[in-house]
Amino acid sequence: MDGDDIIRGYRAARAKIGLVPQELTTDTFETVWNTVRFSRGLFGRRSDPALIERVLRDLSLWDRRDSRIMTLSGGMKRRVMIAKALAHEPTLLFLDEPTAGVDVELRREMWRLVRELREAGVTIILTTHYIEEAEQLADRVGVINNGELVLVEEKDALMRKLGKKRLTIALSERLERIPESLAGYALALSSDGREMTYAYDAAGGSDGVRPLLRALDMAGLAYRDVETNESSLEEIFVDILRAGP
């Protein structure tokens with residue numbers, strides 16, 4: 001672990017690791033300040049009130065520093081768990097679904113904190129069921145299916161390789177069916193006949209879009225709007241699971 005043997009030098013290795021478990025496990029009768037300070041001392045770190053203050057302020061806990069854990073809301077307790085994990089200044093941080101059951105505001109605050117830690121050089125391993133969270137924060141993505149790690153790849157490369165773009169064409173008039181002259185473009189017609197959708201690989205660029213628009217003109221189909229959307233990481237995730245092993 002970062003130069004330390006995890007067997008012979010396990011104390012030094014563990015001192016570099018922070019863990020935020022999914023379960024809320026804290027001393028309910030202790031104050032926020034004391035429980036975070038105690039966590040730092042567990043790893044043999046010298047007392048550093050200024051650092052504890054900074055961590056608590058970053059997590060919007062400073063005003064509750066003298067409150068007992070039992071008086072805090074679930075979201076506040078989740079922040080305390082993160083503060084405890086950061087108190088000894090780890091270089092590797094494990095976050096096990098840190099935003100499970102928290103409100104939108106707290107989730108965004110945690111995202112901000114994760115970005116700041118990452119920019120400061122902390123390696124973060126995040127497990128989450130919120131695919132939007134992974135898309136927002138991750139540099140690399142791993143997909144686990146039935147307990148098996150089926151894929152690990154750079155997020156941007158994964159989205160380029162497996163992502164698709166969709167061109168939605170809003171028609172000026174309702175269409176009963178797609179003309180035969182457009183059969184080669186694998187277009188999908190909406191149920192109301194007012195939109196057509198053309199899907200193409202994100203990695204392949206938009207080379208097929210211009211010929212399609214020319215083909216629409218040649219077929220005499222007028223359109224009033226064109227919109228392009230790209231696959232989200234969640235859609236790619238679902239496609240990977242559907243594809244199976």
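Per-residue answers, yes or no, for (1) farther than 25 Å from residue 16 by Cβ; (2) of a type outside the set (Val, Ile, Thr); (3) without any contact (Cβ under 8 Å) to a residue 60 or more places away in the chain:
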| position | (1), (2), (3) |
| --- | --- |
| 97 | no, yes, no |
| 107 | yes, yes, yes |
| 111 | no, yes, yes |
| 116 | no, yes, yes |
| 120 | no, yes, yes |
| 123 | no, no, yes |
| 126 | no, yes, yes |
| 134 | no, yes, no |
| 137 | no, yes, yes |
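Evaluation of residue 19 against the conditions (1) under 29 Å from the mean Cα position of the chain (by Cα); (2) at pLDDT below 85 shows that the sole unmet condition is (2). Residues in the stretch 49-103 that are among the β-branched types (Val, Ile, Thr) and more than 22 Å from residue 124 (Cβ to Cβ): 69, 71. In the stretch 136-178, of all residues being of a type in the set (S, T, N, Q) and assigned to a strand (DSSP E or B), the one that is farthest from residue 189 (Cα to Cα) corresponds to 145. Could you tell me whether any residue of the stretch 79-101 is touching a Ser or Thr at 6+ places or on another chain (Cβ under 9 Å), surrounded by fewer than 16 Cβ atoms within 10 Å (Cβ to Cβ) and hydroxyl-bearing (Ser, Thr, Tyr)? Scanning the stretch 79-101 turns up at least one residue that is touching a Ser or Thr at 6+ places or on another chain (Cβ under 9 Å), surrounded by fewer than 16 Cβ atoms within 10 Å (Cβ to Cβ) and hydroxyl-bearing (Ser, Thr, Tyr). Among residues that are loosely packed, with under 14 Cβ neighbours inside 10 Å, free of Cβ contacts under 8 Å to residues at least 12 places away in the same chain and farther than 24 Å from residue 17 by Cβ, residue 170 is not included. Take the conditions (1) buried (at least 18 other Cβ atoms within 10 Å of the Cβ); (2) assigned to a helix (DSSP H, G or I); (3) over 17 Å from the mean Cα position of the chain (by Cα); (4) of a type in the set (D, E, K, R); residue 133 misses just one of them, which is (3).
The values are calculated or read from the model by the stated rules, or taken from the named source; none is laboratory data. Since the model is a prediction, treat every value here as computed from it, not as a measurement. Cβ: placed from backbone, ideal geometry, glycine included. Neighbour counts: every protein chain shown.
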